[in-house]
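Colleague: This is the structure, below, for whatever I ask next.
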Amino acid sequence: MEPLKVEKFATAHRGNGLRAVVPLRPGELLFRSDPLAYTVCKGSRGVVCDRCLLGKEKLMRCSQCRVAKYCSAKCQKKAWPDHKRECKCLKSCKPRYPPDSVRLLGRVVFKLMEEIPSESEKLYTFYDLESNINKLTEDKKEGLRQLAMTFQHFMREEIQDASQLPPSFDIFEAFAKVLCSGLIKLQNNSCSLSSFPLVYFEQTTCSHRCCEWKGSSAVCQKVSPSEMA
Ligand SMILES: [Zn+2]
Ligand SMILES: [Zn+2]
């Protein structure tokens, strides 16, 4: 595999960042990654494909949960490894549907439980994310507690106790992380949530379009001098 052209670094007050470790040409691709997990937001559910996020008039419905929808049999097949476990949870909570952040965190948990770390964890893992718990107001904390309870209820088909969660995983803290830094709308159709780790790209005060979303992937590129003007 090609060595990475960027490395991570931490700052005292501005969180984490990425910096180049080799000389770069303008337009050069530095890093590309799929998010650790993403999900279609409520407003776009049934309008865009759960896998590729593209809109289509007629979408195929998952015959099990009847919630997830896909543009093609190909997308449905590709989505199955990530959908398999949440499918049971979605089916069991019908006719209700969980808040977007709950469905998203469910997908994060299933991903973290996989034996092979995903490609997106090469630079940052979920455990590197800031939660900023000590900066939260009591109201916000109460909101997170409610979400944590909803999460446990939503996941009960697949996860009944803490031993079935990733090691040292705290649901309350995980929600703080998702809400603090892991939750962003994908640019292409503003309908999906993404956790990770490329939120760092989005969060930098970068106005040079060096980091952007393409489909469901984040792409980081060196900009040309003219774009910097
Ligand atoms: Zn699709
Ligand atoms: Zn399903």
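The values are calculated or read from the model by the stated rules, or taken from the named source; none is laboratory data. These numbers come from a predicted model, not from an experiment. Virtual Cβ from ideal backbone geometry, glycine too; neighbours counted across all protein chains shown. Heads up: the accessible areas ignore ligands, DNA and RNA and are worked out on the full protein's heavy atoms, side chains in. Shrake-Rupley method; radii C 1.70, N 1.55, O 1.52, S 1.80 Å.
Colleague: More than 16 Å from ligand 1 (Cβ to nearest atom) and surrounded by fewer than 18 Cβ atoms within 10 Å (Cβ to Cβ): does that describe SER33?
Modeller: Considered against the rule, which asks whether it is more than 16 Å from ligand 1 (Cβ to nearest atom) and surrounded by fewer than 18 Cβ atoms within 10 Å (Cβ to Cβ), SER33 comes out as no.
Colleague: Collect the residues in the stretch 31-69 that are small (Gly, Ala, Ser), touching a strand residue (DSSP E or B) at 6+ places or on another chain (Cβ under 9 Å) and within 12 Å of ligand 2 (Cβ to nearest atom), keeping them in residue-number order.
Modeller: Answer for the stretch 31-69, where residues must be small (Gly, Ala, Ser), touching a strand residue (DSSP E or B) at 6+ places or on another chain (Cβ under 9 Å) and within 12 Å of ligand 2 (Cβ to nearest atom): just ALA68.
Colleague: For ARG51, all conditions in the list (1) buried (at least 18 other Cβ atoms within 10 Å of the Cβ); (2) more than 12 Å from ligand 1 (Cβ to nearest atom); (3) among the basic types (Lys, Arg) hold save one; what is the number of the exception?
Modeller: Just one mismatch for ARG51, condition (2).
Colleague: Another question, if that's okay. Select, from LYS69, LYS88, LYS74, the only residue that is within 13 Å of ligand 1 (Cβ to nearest atom) and open to solvent by 90 Å² or more (accessible area, probe 1.4 Å).
Modeller: LYS74
Colleague: I'd like the full set of residues that are among the β-branched types (Val, Ile, Thr), more than 24 Å from CYS87 (Cα to Cα) and surrounded by 14 or more Cβ atoms within 10 Å (Cβ to Cβ), limited to the stretch 133-168.
Modeller: Hit for the stretch 133-168 is ILE133, nothing else.
Colleague: Quick check on my filter: what residues within the stretch 36-48 are basic (Lys, Arg) and surrounded by 15 or more Cβ atoms within 10 Å (Cβ to Cβ)?
Modeller: Within the stretch 36-48, ARG45 is the sole residue that qualifies.
Colleague: Does SER72 count as within 16 Å of ligand 2 (Cβ to nearest atom) and of a type in the set (S, T, N, Q)?
Modeller: For SER72, the condition - within 16 Å of ligand 2 (Cβ to nearest atom) and of a type in the set (S, T, N, Q) - is met.
Colleague: What are the residues in the stretch 2-30 that are on the phi > 0 side of the Ramachandran plot and either surrounded by 15 or more Cβ atoms within 10 Å (Cβ to Cβ) or among the aliphatic types (A, V, I, L, M) (or both), if any?
Modeller: GLY15, the sole residue that qualifies.
Colleague: Considering only the stretch 54-66, how many residues are under 23 Å from MET155 (Cα atoms) and either open to solvent by less than 90 Å² (accessible area, probe 1.4 Å) or more than 16 Å from ligand 1 (Cβ to nearest atom) (or both)?
Modeller: The number of residues fulfilling the criteria is 5.
Colleague: Would you call THR11 more than 16 Å from ligand 2 (Cβ to nearest atom) and among the hydroxyl-bearing types (Ser, Thr, Tyr)?
Modeller: yes
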